[in-house]
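The values are calculated or read from the model by the stated rules, or taken from the named source; none is laboratory data. Please read these numbers as outputs of a predicted model, since none were measured by experiment. Heads up, the Cβs are rebuilt from the backbone with ideal geometry, glycines too, and the neighbour counts pull from every protein chain shown. These accessible areas exclude ligands, DNA and RNA; they are computed on the full protein's heavy atoms, side chains included. Shrake-Rupley method; radii C 1.70, N 1.55, O 1.52, S 1.80 Å.
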Amino acid sequence: MSEHKRKRGRKPKIPDAEKTLDLPSTAASADDDDVVFSVSNVEIIPTTTNPSISSAAATTTNNHHPDHRPRRGRPRKHPKHETPEEKPPPLPRAGHCRPAENGGADFAGDVEPGVARVVPAMDAVVKVFCVHTEPNFSLPWQRKRQYSSSSSGFAIGGRRVLTNAHSVEHYTQVKLKKRGSDTKYLATVLAIGTECDIAMLTVEDDEFWEGVLPVEFGELPALQDAVTVVGYPIGGDTISVTSGVVSRIEILSYVHGSTELLGLQIDAAINSGNSGGPAFNDKGKCVGIAFQSLKHEDVENIGYVIPTPVIMHFIQDYEKNGAYTGFPLLGVEWQKMENPDLRVAMGMKADQKGVRIRRVDPTAPESEVLKPSDIILSFDGIDIANDGTVPFRHGERIGFSYLVSQKYTGDSAAVKVLRDSKILNFNITLATHRRLIPSHNKGRPPSYYIIAGFVFSTVSVPYLRSEYGKDYEYEAPVKLLDKLLYSMPQLPDEQLVVVSQVLVADINIGYEEIVNTQVLAFNGNPVKNLKSLANMVENCDDEFLKFDLEYDQVVVLRTKTSKAATLDILATHCIPSAMSDDLKN
């Protein structure tokens, strides 16, 4: 085979057509994590033919010079090949893939398939369209104007789809659209887990499931593991992919459910519309669900993902019970035991560690065996440190509430406590617990009762948000906030009943300024919930209705005139009934 002889003069220019070839945009090193390969999912995209480029390329091939101008001197000698087989094949550049005989893709150069990252199954990711109709907690007899939203979801086994609970909260209609499809399919909501912010949907139309491969779940990732978030965020209509790494693994605050569960912090962008979209690892398996992000002027690119242990707990809970029952909680408030003098005073030995119980929820099953000032030494055989953490993985520790959240409602757990310098072992039954002021109404409309223009309602976090806005933690009355943060219910059905507002009428003159004030008693009987108050008022035969309110306020109304005036007030304000449907039953 002849060699090229070096000629004098300028070096020939590289043809422009060679610079503009549609080659994959990859790095030259096989170690680059941004390069994505897949043996089965790489698609070879046909390039668009440009007439000017094709002509230039043909000219370059025939004349070895893009200008095709006559050269002075002796003509250039061209390399000759005896047979086509002797022509050396072009060497592929590192990091590129070429078509394979089986229709897939081969890894070229020094790239090994084991090092490459697998493209996630993006066809399983769907766009969720929801129409919401929220209840009006300030005017509980009506609902707000409906609005629409879009988010993300993905298909799993059993013809089911997972998304976020806040994506379908107060839903009226839910529709799903597959990638590359122009059809929206009606979906049915199977379960909503408000605490873990996960919802499960299904579609009855068989056409929706054609060609849909369910997503496979992977294990809990480690720190610095690469993750790819797929969804339909704001900024466009097509599917979007963002990548990052796992930055932190710990117990996180779930904003929607007002609970604390295991969560992943990642540095991939999670924007509005990404909610419910899957987060894939390098192997193309789902390791979480995008659900919230941190927006602050001092931070950037902080997103949070619901990890697979929480997802599997939700799925198995639904499969086991036929409905979502929730995550159990240990009905105690505890204190760290990091101070050495405190440990000595509580009778702890030098090798003993644990946390001190401050209060026990009177409505929790734990109240039968646990007492304040007990030291919890271990939970299910796992020792608890003085700061309330337990071993998690190599070099990591996590709050012991993670052990509780791995259980299901009704499960039993072994608890070792130290009481009066004696070690005691108990078997407790775990259950979900309700707060005096609940964080959510689980999709139910608010309860109300109206008499003589006085609107009685129950306090919840959605109610406070409706009355005082998103900054209710700063704007609401101090006594309501104190009960929100620190009060425990003394009875299983106890509620915080307030006079929400007074619909002005002649019968309630002088009471118009009473707003969001707790009702303590009626005619000398304590008010434990709204239903008991409504029953006492409806069945009252006394001459007067006397309500004892907070701040030592008293409201007195005549019984007969109050009940008669209520009908006129309802007609004036177009209120359909004096009480909500749940109080009538």
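Some notes on this structure:
- With K and R counted +1 and D and E -1, the other residues having a Cβ less than 10 Å from that of G257 yield a net charge of -3.
- Computed over protein heavy atoms with a 1.4 angstrom probe, the accessible surface ordering of M200, M536, largest first, is M536, M200.
- For the stretch 246-262 versus the stretch 184-205, the inter-centroid distance based on Cα atoms is 22 Å.
- Per-residue HN-Hα couplings for the stretch 228-244 [Karplus 6.51, -1.76, 1.60; θ = phi - 60°; Hz; x = Gly/Pro]: 10, 9, 10, x, 10, x, 5, x, x, 9, 8, 5, 10, 10, 10, 10, x
- Charge tally in the Cβ shell below 15 Å around D351, where Lys, Arg are +1 and Asp, Glu are -1, D351 excluded: +3
- A protection proxy built from the mean count of other Cβ atoms within 10 Å ranks the segments 259-270, 133-144, most packed first, as 259-270, 133-144.
- At 1.567 mPa s and 4 °C, Stokes D of the stretch 428-539 from Kirkwood alpha-carbon radius, µm² per second: 86 µm²/s
- Taking the 1.4 Å solvent-accessible surface of the stretch 395-541 as the whole, the part contributed by carbon and sulfur is 48%.
- When the residues S405, S253, S293 are ordered by accessible surface, computed with a 1.4 Å probe over the protein chains alone, the sequence from largest down reads S253, S293, S405.
- Within-15-Å neighbourhood charge of S439 [Cβ basis; K, R +1; D, E -1]: +2
- A full extension of the chain between D482 and R248 corresponds to an added length of 81.0 nm, given 0.36 nm per residue minus the alpha carbon distance.
- Each peptide in 299-309, 391-401 gets a packing score, the mean of other Cβ atoms within 10 Å over its residues, and the list from highest to lowest is 299-309, 391-401.
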